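The values are calculated or read from the model by the stated rules, or taken from the named source; none is laboratory data. The model shown is predicted, which means the values in this text are computed figures rather than measured ones. Don't worry about glycine lacking a Cβ; one is built from the backbone with ideal geometry, like all the others, and counts go over all protein chains shown.
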Ligand code: GAR
């Protein structure tokens, strides 16, 4: 059984999708053992507590240097015996120490079809604002491994979602979550926990 540690910062709807998938028996090879938040007021912490999952808070601003924060987060994740780390709306950039310590063991969910609308500055609602500004007709979500390039690691799963006339960033965000993020993130986690993702360089192969 793999230990899954989920990192969050906000509402935690992706965390909820993972908990729901786990409760439905869809994540057979792993268990969510801890939720770590960058924000002590994140509603995601309440979701974890409601489901009997241990919680921790680690704030970037409590460390005077980024390297010290990076080292503390790495230690925290090692102390939790994390086999898989899931970034579910985690809004703090990860440092190289934690990324190297958990190579191809950190999965992020991004609310667009990478390589569109990704990289530094593209997070949360901003991604959907940029997609609407560009006028794309199709957007979606991407589950990928994290490497040292922002949103540049091996892609595991993607799902497309149609943009509709009159969409606001909020409406589009909700549709992308419902139709793509909440489906592909639990699926990617389940595949990882069953050792069904083979990584070669920057590509992955699902061995189902
Ligand atoms: C989600 O849409 C997630 O894809 C996005 O933040 C939202 C968090 O919502 N993540 C990023 O933009 C990362 N670059 P949630 O807290 O309800 O899961």
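Of note:
- Of 108, 81, all but one fail to be near the ligand (Cβ under 10 Å from one of its atoms), over 28 Å from residue 165 (Cβ atoms) and either assigned to a strand (DSSP E or B) or at pLDDT 95 or above (or both); the exception is 108.
- In region 36-48, residue nearest to residue 195 (Cα to Cα) [restricted to those that are within 16 Å of the chain's Cα centre (by Cα) and assigned to a loop (DSSP other than H, G, I, E, B)]: 38
- Filter result for residue 141 (part of a helix (DSSP H, G or I) and in contact (Cβ under 8 Å) with a residue 12 or more places away in the chain): no
- For region 61-76, the tally of residues that are in contact with a helix residue (DSSP H, G or I) (Cβ under 8 Å, 6 or more places away or on another chain) and surrounded by 15 or more Cβ atoms within 10 Å (Cβ to Cβ) stands at 6.
- Number of positions in region 123-150 that are in contact with a strand residue (DSSP E or B) (Cβ under 8 Å, 6 or more places away or on another chain) and either surrounded by fewer than 18 Cβ atoms within 10 Å (Cβ to Cβ) or at negative phi (or both): 12
- Residue list for region 1-35, restricted to those being in a strand (DSSP E or B), touching a strand residue (DSSP E or B) at 6+ places or on another chain (Cβ under 6 Å) and away from the ligand (no atom under 13 Å from the Cβ): 2, 3, 4, 5, 30, 32, 33, 34
- Region 36-45, subset more than 17 Å from residue 106 (Cβ to Cβ) and touching a residue at least 12 places away in the same chain (Cβ under 8 Å), residue nearest to the ligand (Cβ to nearest atom): 44
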